[in-house]
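Everything below concerns the one structure shown next.
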């Protein structure tokens, strides 16, 4: 698995979203949290595609396959024919997002907000 890149998950103050999340954005945080809790994985993630469909996943850490939770959620979206992403969320205890996670989201959308939340589902920051 790729190593976290210092500063990737710690956006500048101008990138932090202070507003209250709308229901659809809160939903993907809830799905990410549930995915993480169900499996006991290090991270849970969810994405919403441009058609409004959601995909949730957790960290995959097998001897032959390693994916971050966001990579797994993006892979599920792509495998289902998602044309792009509206938003992404990851629930993690890590202070930084893995560079590979951010890149997976950016491969489908340069503008989709990427929400980072703690294990309780509290929004910590938003990467734009």
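We did not get these values from a lab; they are worked out from the coordinates using the rules stated. Everything numeric here is computed off the predicted structure, so don't read it as measured data. Because the Cβ atoms are built from the backbone with ideal geometry, glycine has one as well, and the counts that use them run over all protein chains shown.
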(message) Restricting to Cα pairs below 8 Å that are 6+ residues apart, what does the relative contact order work out to for the chain? Please round to a whole percent.
(response) 29 percent
(request) Show that you can apply the helix-only estimate: for the chain, add -39,500 (n - 2.57) for every DSSP H stretch of four or more residues, divide by all residues, and state [θ] at 222 nm to the nearest 500. (result) -9500 deg cm²/dmol
(message) Tell me the relative contact order for the range 80-128 as a rounded percent, counting alpha carbon contacts under 8 Å between residues six or more apart.
(response) 40 percent
(message) In Å, what Kirkwood hydrodynamic radius results for the chain from the alpha-carbon pair distances?
(response) 14.0 Å
(request) Give, as ranges by residue number, the residues of the range 28-65 whose backbone N falls under 17 Å from the point 7 Å along Cα→Cβ of residue 122. (result) 29-30, 33
(message) Sorting check: for 61-70, 112-121, which peptide has the highest mean count of neighbouring beta carbons within 10 Å, and how do the rest follow?
(response) 112-121, 61-70
(request) Calculate, in nm to one decimal, what residue 111 and residue 61 gain on full extension: separation in residues at 0.36 nm each, minus their alpha carbon distance. (result) 15.2 nm
(message) I need 90, 78 ordered by Cβ neighbour count within 10 Å, fewest first.
(response) 78, 90
